[in-house]
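Scroll down for the structure; my scribbles are underneath it.
The values are calculated or read from the model by the stated rules, or taken from the named source; none is laboratory data. None of these values were measured; they are calculated from a predicted model. With ideal geometry, Cβ positions are generated from the backbone for all residues, glycine too; neighbour counts draw on all protein chains shown.
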Amino acid sequence: MTLPHDPRLPHSAREAMDVARDDARFGIAFIARRWRRLLLAFAGLLLPLWAFGELADEVREAEVFPFDAPILLFAQSVAHDGFDSTFLVFSRLGYEWGVVPLDVLVVLVLAAMRKLREGLFAGVAIIGSALLNLGAKQLFARQRPALWDSIAPESTFSFPSGHAMGSITIAMVLVLLAWHTRWRWWVTLPLAAFTLMVGLSRVYLGVHYPSDILAGWAVAIAWTVGAYLLVFPHGQRPWQER
């Protein structure tokens, strides 16, 4: 649609206004169609990347986070035998007892169901997150906390937390696969609680700074959402027949 002829406007100015109007209409229509994916990209990709970048920059410069030591000392102050056993279980569920077997099971089940795109998404997210964690640990080489002798000591580098990354990666994979189904909240709420408990367990055991946990969550969310947007482009959803 062009503007009504106005002899006071030069021809080139009217054309520029027509183009601007068409561009605005196209942008509004695009946002109206894709606002959910744009919101996912912003909240699940850009914001976590920004958060990780801020944390990583401070670690690289060997800066001290003001909340790390107080939270660790508070965890030590409330420690007792009941908490020890509970958080040891969640720590192991966050890796060898839970997350790793679940990772393998999810990929195998999706492959057996012939859900190739869903399986590809899960595989890329899980394997990529693990490799990203290994590379980041070597890059930043942050030493573990040493405020007390942990009952579950670790010898690898600290930043970012592998347990935090692994648990939130499989959680995000399952949540994104279930989001457009009736199982959305039945999947999301338990996995959110599980991920939180795994992160808390690593702080309680004194083997990670809270900033390690936050960085692990942030970069794993960004990676998983990025893999989702790559594998399911143009508004595609999991479980759609193709």
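Summary table below
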quantity	calculated
Candidates 109, 187 - the one that is touching a Phe, Trp or Tyr at 6+ places or on another chain (Cβ under 9 Å), surrounded by fewer than 18 Cβ atoms within 10 Å (Cβ to Cβ) and modelled with pLDDT of 95 or more	187
Every residue from region 156-176 that is farther than 16 Å from residue 93 by Cα and under 10 Å from the mean Cα position of the chain (by Cα)	172, 173
The listed residue being among the aromatic types (Phe, Trp, Tyr), farther than 30 Å from residue 77 by Cα, in contact with a helix residue (DSSP H, G or I) (Cβ under 8 Å, 6 or more places away or on another chain) and surrounded by fewer than 24 Cβ atoms within 10 Å (Cβ to Cβ), out of 223, 239	239
